[in-house]
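Data block below; observations after.
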Amino acid sequence: MIRDMIKLYANDIGWELSEEIIGSLDTFALELKKWNRRLNLTAITKEREIVIKHFIDSMHLAPYLSDDDNLLDIGSGAGFPIIPLKIIKPETDMVSADSVAKKINFQRHIIRLLGLQGIEALHVRGEELPEQYAGKFSFITSRAFKRLDHFVALASPLLAKGGRLVAMKGEDADEEISVSRDTFQELGFAVNAIYHYNLPLNMGRHCLVEIKACEAA
């Protein structure tokens, strides 16, 4: 049943997934449900909501990623959006970072189980990342931050020259952008684009907020 829902709702947003990808996402969902019973990894537990609110939501980021990108997902939780993205775009190098050990342990289990390559899951606080990863990533994303200015402040030291920060947000993005403009300006960043989308079955109107460094005058 999960496989059918993945195929159905992926088709709704224009994705025709291979059976291999559908199988990997199905395995991921089943393992998430199993681990969640004892570890409380996510509040989203119903199969349809896992498919739509986790998988389909994550997939909306994929068209903006290239195989040449080096992706960092900060505060990745149980693996969103990074694990679905890795399944769909296996050639893109990716790093997942979260401060909660049980969530990173689950991600590492999924990475091993699915045989995913070119992905590393780090048990680390975001503030510690610049020690090893300053200026390393061409694409940094997150669903975890409640405030855009906090995301940009934490992520900007990790961004390579010419790279992009892409925050996955809900309907309140315009308000967040408004209150974050001063911080963006201080850090030398600005909103470059906003991409809106609706999840199936009226499960939310979301957007991707792309933020880039301002060009020097």
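The values are calculated or read from the model by the stated rules, or taken from the named source; none is laboratory data. Every value quoted in this text rests on a predicted model; they were computed, and no experiment measured them. Every residue, glycine as well, gets a Cβ built from its backbone with ideal geometry; the counts of neighbours run over all protein chains shown.
For the reader, a short list of remarks on this structure follows.
- Total residues in region 64-75, condition more than 25 Å from His150 (Cα to Cα) and part of a helix (DSSP H, G or I): 0
- Residue check, Ile119 farther than 23 Å from Ser99 by Cα and either at pLDDT 95 or above or polar (S, T, N, Q) (or both): no
- Residue in region 7-14 that is more than 22 Å from Val100 (Cβ to Cβ), more than 18 Å from the chain's Cα centre (by Cα), hydroxyl-bearing (Ser, Thr, Tyr) and not in a loop (DSSP other than H, G, I, E, B) present: yes
- Residue satisfying all of: in region 190-202; in contact (Cβ under 8 Å) with a residue 40 or more places away in the chain and assigned to a helix (DSSP H, G or I); surrounded by the most Cβ atoms within 10 Å (Cβ to Cβ) among these: Pro200
- Against the conditions (1) under 26 Å from Gly79 (Cβ atoms); (2) of a type in the set (Lys, Arg); (3) loosely packed, with under 15 Cβ neighbours inside 10 Å, Lys161 satisfies every one except (1).
- Residue within region 170-189 that is part of a strand (DSSP E or B), hydrophobic (A, V, I, L, M, F, W, C) and either out of contact with any His (no Cβ under 9 Å at 6 or more places or on another chain) or at pLDDT 95 or above (or both) present: yes
- The one condition in (1) in a helix (DSSP H, G or I); (2) crowded, with 16+ Cβ neighbours inside 10 Å; (3) not aromatic (Phe, Trp, Tyr) that Leu17 fails to fulfil: (1)
- Residues located in region 95-110, provided they are touching a helix residue (DSSP H, G or I) at 6+ places or on another chain (Cβ under 7 Å) and in a strand (DSSP E or B): Ser96, Ala97, Asp98
- Search result, residues across region 111-145 that are out of contact with any helix residue (DSSP H, G or I) (no Cβ under 6 Å at 6 or more places or on another chain), under 26 Å from Leu30 (Cβ atoms), hydrophobic (A, V, I, L, M, F, W, C) and in contact (Cβ under 8 Å) with a residue 40 or more places away in the chain: Leu113, Ala144
- Among residues of region 35-93, those that are among the β-branched types (Val, Ile, Thr) and in contact (Cβ under 8 Å) with a residue 60 or more places away in the chain, counted: 5
- Test for Leu72: is it closer than 24 Å to Arg3 by Cβ and of a type outside the set (Asp, Glu): no
- Qualifying positions in region 16-26 - touching a residue at least 60 places away in the same chain (Cβ under 8 Å) and either over 15 Å from Ala78 (Cβ atoms) or more than 19 Å from the chain's Cα centre (by Cα) (or both): Leu17, Ile21, Ser24
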